[in-house]
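A.B. asks: Below is a structure I'd like to ask you about.
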Amino acid sequence: MQVDHTLLQASEKGDEKALYRLYKMCYGVLHSIGSRYAVDEDECCILVNSAFMKIVKGLNKYSSTVPFEAWIRRIMINNCIDHHRKHRKYKKTISYSEELPDSRATPVDFNLADKLFDAEQLKEMIKELPPMSATVFNLFAIDGYSHKEICKMLGIKMGTSKWHLSHARSKLQLRLKSMQKTAGRIRNHEPGEERRQRV
C-alpha cells in the first residue's frame, strides 16, 4: 500500500476530502481483518470505523520508517481485541484438559482448502469455532503473533493459549475433512454419469 505523505498531513488536519480518500485506501485491509474477528457484518463495520478513528488520531505518531499497511493492521487487530474484551466474556469457567489435543494430527492444509473452498467459506469455518479458540487461531496462525504476545493481549496463560490453538486446529481439520468428502461426492456424482448407469 503506497500512501502519499501529503495525504496523511491533510488527513491529520481534518481535511474531509483527504479523510475520505484515506478511508477508501484503508478500508480493504481493515475490513479483511475485522471480518475474521467480528460475529457479523454490522460488528465488522463498527470495528472498521472505530479503528479508522484511532488511525486518524494517531497520524501524528506515525513514522514513515514503518510500512503504513503494517501500522494500520496492528491498530485494527488491537482494536478488535479491545472490543472483544469489553463486549465478550472471555474468561468463562472452562475445564481445560491437562493434555492438549493430539498435536500429531495431520495439520490443516489451507493450500488444499483454498483450492476447494473460497475465502468466505474458510472464514465461516473459523467463525464456527468457540470464540476464544477462533481468536487465538486468528492471532497465531493468520496474524503471526506469538503465544507470549497473545497471552499479554488476551490476559490468559501460556497453556490456555496453546490449548485453544490446538483445539482450533483439530476442529478445523475435522471440518475440512468433512467438506472435502462432501465436495468429492458431488464431483463423483455427475448427473450424466447417473443417467448412463441407469441405461
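A.B. asks: Can you tell me which residues in region 137-155 are buried (at least 20 other Cβ atoms within 10 Å of the Cβ) and either of a type in the set (Asp, Glu) or under 11 Å from residue 36 (Cα atoms) (or both)?
C.D. replies: 137, 138, 139, listed by residue number.
A.B. asks: Against the definition (in the same structural domain as residue 177 (by TED's automatic domain parsing), closer than 16 Å to residue 175 by Cα, at pLDDT 55 or above and surrounded by 10 or more Cβ atoms within 10 Å (Cβ to Cβ)), how does residue 134 come out, yes or no? Before you say what the answer is, go through the steps one by one.
C.D. replies: Working: in the same structural domain as residue 177 (by TED's automatic domain parsing): yes; closer than 16 Å to residue 175 by Cα: yes; at pLDDT 55 or above: yes; surrounded by 10 or more Cβ atoms within 10 Å (Cβ to Cβ): yes.
The answer is yes for residue 134.
Here is a yes/no grid of residues against (1) acidic (Asp, Glu); (2) outside the structural domain of residue 133 (by TED's automatic domain parsing); (3) part of a loop (DSSP other than H, G, I, E, B); (4) touching a residue at least 12 places away in the same chain (Cβ under 8 Å):
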residue	(1), (2), (3), (4)
10	no, yes, no, no
19	no, yes, no, yes
22	no, yes, no, yes
26	no, yes, no, yes
34	no, yes, no, yes
39	no, yes, yes, yes
48	no, yes, no, yes
51	no, yes, no, yes
55	no, yes, no, yes
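The values are calculated or read from the model by the stated rules, or taken from the named source; none is laboratory data. These numbers were taken from a predicted model, which means no experiment stands behind them. Every residue, glycine as well, gets a Cβ built from its backbone with ideal geometry; the counts of neighbours run over all protein chains shown.
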